[in-house]
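Take a look at the structure set out below.
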Amino acid sequence: MKQFSKWMAGLWPVLIGGVAVRLESLPHWAQVAASFFPGRYAVEAMQSAATGGGVNGYDLLVLGMIAVAGAIAAEGLFRWDRQFHPNRAWVAVALAMWVAVGVMTEMRQTPQVAAIRDTRAAGEARDYVRPLPRPAMIAPQDGQPIVVPTWQAVGEADIAGIAFDKLPPDSGVVSPVARPDEEPNAVIEPALDRIQAALTTWAPGKVADPVQRARNLLLVAAVPDIMQMEQVERFVPRLVFARLQTVIPSRDLPKILYWIAMHPEEGDGSAMRQLDMFGLPEVSGPQKPVRGRVMLYAFKLLGRLTGHIVPTTTR
């Protein structure tokens, strides 16, 4: 029992420090508690550097302060032989620094986890489409104006031209999708339940234009991916896919998904700033990274819908 208690005491900082579970997935009180543990700052620094955001100077400062305090405590406790009995009060030096860091973080800002963006490019639509042997426009005849195809003109040949095998893998970091037999961790189930409930009432998901409606719903899958909301980001596409199949006629959904994937820069992007009811941060700054994820998820869900992508299971 004593060994188990020690094991749990060591596991606690890992669980709320962002190592085992993403901080965004934890309740607010746990995020506040994480401010007093060095693991949070180490994880934030590594995540920011890995996703292209650079190294946060505050994280480095905090880690440096904790390291110095730990070195001082270690020197006071170090002994060369068994005859020397160090004063265990030196441990208080290290612990006091942890407390000071937590207080400093709370005074600096509300200890809500900062959104970390994955800035890696999703590529262009043409990267995932094989050249088609037909023109992109209908040539004018008998003095008639040029007719530009719309989503209704999408056919099987268009969809067959997609190189689905070039898409990022579902198990990867970019545009992940959970396996059909994969169950979410109990910690993130409340967040997923909130997203699923909000999908049925969200105004941008009910607009009259079916293309814009689908585009808005795909945003709900794209934003957790951009924000690197681990675990949550893998399961949201499944919820969005089910909602798309409910609100878009089955004969139109493949065409619309193809059209969105091929035209990611079109459409109204104001729904990116209306995500609070999902518990998601609103998107500020350039929209291109998010639109790139919308493109990838449109391709991936289209592949599932048409049978070109068959999700794997562990069984």
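Worth a mention:
- Among residues of the range 286-315, those that are surrounded by fewer than 17 Cβ atoms within 10 Å (Cβ to Cβ) and under 17 Å from the mean Cα position of the chain (by Cα), counted: 3
- Some residue of the range 243-256 being over 26 Å from ARG194 (Cα atoms), of a type in the set (D, E, K, R) and assigned to a loop (DSSP other than H, G, I, E, B): yes
- Between ALA198, ALA178, ALA186, the distinction of being hydrophobic (A, V, I, L, M, F, W, C), assigned to a loop (DSSP other than H, G, I, E, B) and at pLDDT 90 or above belongs to ALA178 only.
- Which numbered condition ALA208 misses (of (1) farther than 20 Å from GLY269 by Cβ; (2) assigned to a loop (DSSP other than H, G, I, E, B)): (1)
- Test: residue in the range 241-252 that is of a type in the set (A, V, I, L, M) and surrounded by fewer than 19 Cβ atoms within 10 Å (Cβ to Cβ): yes
- Annotation note: of GLY172, GLY155, the sole residue that is assigned by TED's automatic domain parsing to the domain that holds LEU275, without any contact (Cβ under 8 Å) to a residue 24 or more places away in the chain and exposed (fewer than 11 other Cβ atoms within 10 Å of the Cβ) is GLY172.
- Scope the range 270-296; condition among the polar types (S, T, N, Q), over 19 Å from LEU199 (Cα atoms) and either without any contact (Cβ under 8 Å) to a residue 12 or more places away in the chain or not in a loop (DSSP other than H, G, I, E, B) (or both); matching residues: SER284
Residue by residue, here is whether (1) under 30 Å from VAL173 (Cβ atoms); (2) surrounded by 15 or more Cβ atoms within 10 Å (Cβ to Cβ); (3) modelled with pLDDT of 75 or more holds:
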{"site": "MET8", "(1), (2), (3)": "no, no, no"}
{"site": "TRP12", "(1), (2), (3)": "yes, no, no"}
{"site": "GLY17", "(1), (2), (3)": "yes, yes, no"}
{"site": "PRO27", "(1), (2), (3)": "yes, no, no"}
{"site": "ALA45", "(1), (2), (3)": "yes, yes, yes"}
{"site": "GLY52", "(1), (2), (3)": "yes, no, no"}
{"site": "ALA74", "(1), (2), (3)": "no, no, yes"}
{"site": "LEU77", "(1), (2), (3)": "no, yes, yes"}
{"site": "TRP80", "(1), (2), (3)": "no, no, no"}
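The values are calculated or read from the model by the stated rules, or taken from the named source; none is laboratory data. Remember, it's a predicted structure, so these values are computed and weren't measured experimentally. Methodologically, a virtual Cβ is constructed for each residue, glycine included, from the backbone with ideal geometry; neighbour enumeration extends over all protein chains shown.
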